[in-house]
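Okay, so here's the structure we're looking at.
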Amino acid sequence: VQLQASGGGLVQAGASLRLSCEASGRAFSDYAISWFRQAPGKEREFVAAVRWSNSVTFYADSVKGRFTISRDNAKNAAYLQMNSLKPEDTAVYFCAAGRPIVSTIRTSSAYNYWGQGTLVTVSS
């Protein structure tokens, strides 16, 4: 699976952005899709995940209620709608695909395929 992340940019605090992750290659619907982010000088951290169905999603506490992950298997795409952005959301955002079990769905090592990252910068 090849992944291409896009949609990042520079926005002010309180604004919204929608990130996209387009996939090509093997059966997209077979994989869970997650978003991770990495801020300068910090480790990569889990943001959100969606299993094969949009009815099963997971979020980091720091984004719960502000971010929404979704996927469209017919379009081989996943999305991260980010609302009420804060300066601390500034990071490079990566989408990832894999087949983690529930207990490892927030773990980056559980994912086999990664996109190149898209930069989100939130100014105060």
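The values are calculated or read from the model by the stated rules, or taken from the named source; none is laboratory data. Bear in mind that the values here come from a model prediction, so they are computed numbers and not experimental data. Here the Cβ positions follow ideal geometry from the backbone for every residue, glycine too, while neighbour counts run over all protein chains shown. Areas reflect the complete protein model, heavy atoms only, side chains present, ligands, DNA and RNA absent. Shrake-Rupley method; radii C 1.70, N 1.55, O 1.52, S 1.80 Å.
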Original post:
Conditions: (1) surrounded by fewer than 17 Cβ atoms within 10 Å (Cβ to Cβ); (2) within 16 Å of F36 (Cβ to Cβ). K86 meets all but one. Number of the miss?
Top reply: (2)
Original post:
Does N76 satisfy the condition of being surrounded by 12 or more Cβ atoms within 10 Å (Cβ to Cβ) and over 14 Å from the mean Cα position of the chain (by Cα)?
Top reply: yes
Subject >> Residues that are under 18 Å from S24 (Cα atoms) and at pLDDT 95 or above, drawn from the stretch 46-69 >> reply: V50
Subject >> Search result, residues across the stretch 96-117 that are under 19 Å from E43 (Cα atoms) and open to solvent by 20 Å² or more (accessible area, probe 1.4 Å) >> reply: T104, R106, T107, S108, S109, A110, N112, Y113, W114, Q116
Subject >> Residues that are open to solvent by 60 Å² or more (accessible area, probe 1.4 Å), more than 20 Å from A74 (Cβ to Cβ) and of a type outside the set (S, T, N, Q), drawn from the stretch 18-63 >> reply: P40, G41, K42, E43, R44, E45, D61
**OP:** Have a look at S84, S70, S20 and point out the one that is among the hydroxyl-bearing types (S, T, Y), touching a residue at least 40 places away in the same chain (Cβ under 8 Å) and assigned to a strand (DSSP E or B).
**Re:** S20
**OP:** For the stretch 87-124, enumerate the residues that are in a loop (DSSP other than H, G, I, E, B) and of a type outside the set (S, T, Y).
**Re:** R99, P100, I101, I105, R106, G115, Q116, G117
